[in-house]
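Asks: Sharing a structure, written as structure tokens. Questions coming.
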Amino acid sequence: MSATGTVVARRPLARLRRRARPAREFDRPRFLVVITLLFYVLLFAPIVVVALFSFNTTKSLQVFQGFSLRWYREFFGDSSLVSSLEASLEISAVTMVAATALGTSLAFGLVRSRTRWSPAANILMLVPLVTPEIVAGVGALLLFTQLNVHLSLLTVMIAQTTFSISYVTVVVRARLAALGTEQEYAAMDLGATRIGALRLVTLPALWPAILSSGLLVFALTFDDFVLSFFTSGVSPQPLPVRIYSAIRFGIRPTINAVGTFMLVISLAVIALAVLLPRWLGSRETGFDVLTGSEG
């Protein structure tokens, strides 16, 4: 290429460099930072206030006068609150196991089935996720009433399991669809049975998604109020329902301690769901699995 051609070729590049000016302060939307900070303040300020006043030395809910564990001692000294806490833990544990087993089985059926009803079944599975929870609670209450089933912890477990299956199915189905069937077929070519290929190949690849979705269900069930309110009996009541019953007669600092303790348990379970797969040797964290960004 001649020198003249080189100069002509460089002119568009020089013109582009002159046009690409650095961003000025006016071009940076500072109000977005303000809106983001305001959002987080409005979101977390009430939680911080509840946690702070759960350590207050006095009954005042307006003036903080010093740190004390008085209200936590009253919480654990109240037999009705402790029984409600045990009921909530029992409900969450049973719901986690049942919903994880059923949701994983449903995910296998939705991914591996090849019938004309498969698209409808996949859409129908998402209905509980978009159904208002109060509608699900009222529906469960009407169902148990029509069947003359006495409301108890068992009815809460059934309602919570039914509502939580979709959460497990969505997570496990995405992971299972990404795996494909090639590894299972390779295992069967090497002599494994279909059940053996499922046990030795598919389930080990799925367990991060199964584990994370199960712990997520535990956290969602533990502090759920609507379904528990409509399907629980008189005693023992789940802890969220017990808190609501106590608030109707006035807010006491013990309620702040109960709410803070529930928050700590929920955050611990969510952190466990995010970190446990990596701790047990998986390449992905639970956050990668739940958000669908696993490798």
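The values are calculated or read from the model by the stated rules, or taken from the named source; none is laboratory data. Quantities reported herein were computed from a predicted structural model and do not represent experimental measurements. Using ideal geometry, Cβ is built from the backbone for each residue, glycine included, and neighbour counts are taken over all protein chains shown.
Asks: Answer yes if at least one residue in segment 236-253 is over 30 Å from Leu179 (Cβ atoms), at pLDDT 75 or above, small (Gly, Ala, Ser) and surrounded by fewer than 15 Cβ atoms within 10 Å (Cβ to Cβ), and no otherwise.
Replies: yes
Asks: In segment 163-194, which residues are aliphatic (A, V, I, L, M) and closer than 28 Å to Leu124 by Cα?
Replies: Residues satisfying the conditions are Ile165, Val168, Val170, Val171, Val172, Ala174, Leu176, Ala177, Ala178, Leu179.
Asks: For Val156, indicate whether it is surrounded by 15 or more Cβ atoms within 10 Å (Cβ to Cβ), within 25 Å of Arg114 (Cα to Cα) and either touching an Asp or Glu at 6+ places or on another chain (Cβ under 8 Å) or aliphatic (A, V, I, L, M) (or both).
Replies: No: the conditions fail for Val156.
Asks: Cβ-Cβ under 6 Å, sequence separation 6+ or interchain: first residue in segment 232-252 and more than 8 Å from Ser84 (Cβ to Cβ), partner among the small types (Gly, Ala, Ser). Which pairs?
Replies: Short answer, once both residue conditions are applied: Gly233/Ser152; Pro240/Ser228.
Asks: I would also like to ask the following. Just to be sure before I move on: is Leu263 loosely packed, with under 13 Cβ neighbours inside 10 Å, out of contact with any strand residue (DSSP E or B) (no Cβ under 7 Å at 6 or more places or on another chain) and at pLDDT 85 or above in the structure I sent?
Replies: Here the answer is no, as Leu263 does not meet what is asked.
Asks: For segment 110-129, give me each residue that is closer than 19 Å to Val168 by Cβ and among the β-branched types (Val, Ile, Thr).
Replies: Once the filter is applied, which keeps residues that are closer than 19 Å to Val168 by Cβ and among the β-branched types (Val, Ile, Thr), segment 110-129 yields Val111, Ile123, Val127.
Asks: I've got another one for you. Of the residues Thr221, Thr161, Thr169, Thr193, which single one is over 22 Å from Ile265 (Cα atoms), of a type in the set (S, T, N, Q) and at pLDDT 80 or above?
Replies: The conditions single out Thr169.
Asks: Here's something else I'd like to know. Which condition number in (1) modelled with pLDDT of 85 or more; (2) more than 22 Å from Ala271 (Cα to Cα); (3) aliphatic (A, V, I, L, M) is the one that Ala186 fails?
Replies: Answer for Ala186: the failing condition is (1).
Asks: Related question: Which of the numbered conditions does Arg114 fail, given that it passes all the others? Conditions: (1) farther than 21 Å from Leu176 by Cβ; (2) without any contact (Cβ under 8 Å) to a residue 24 or more places away in the chain; (3) charged (D, E, K, R).
Replies: (1)
Asks: Here is a further query. Count, please, the residues in segment 128-148 that happen to be without any contact (Cβ under 8 Å) to a residue 12 or more places away in the chain and either within 15 Å of Ser228 (Cβ to Cβ) or exposed (fewer than 11 other Cβ atoms within 10 Å of the Cβ) (or both).
Replies: Qualifying residue count for the region: 8.
Asks: Being out of contact with any Gly (no Cβ under 9 Å at 6 or more places or on another chain) and β-branched (Val, Ile, Thr) is the filter; apply it to segment 212-235 and report the residue that is surrounded by the fewest Cβ atoms within 10 Å (Cβ to Cβ).
Replies: Step by step, filter segment 212-235, then rank; the result is Val234.
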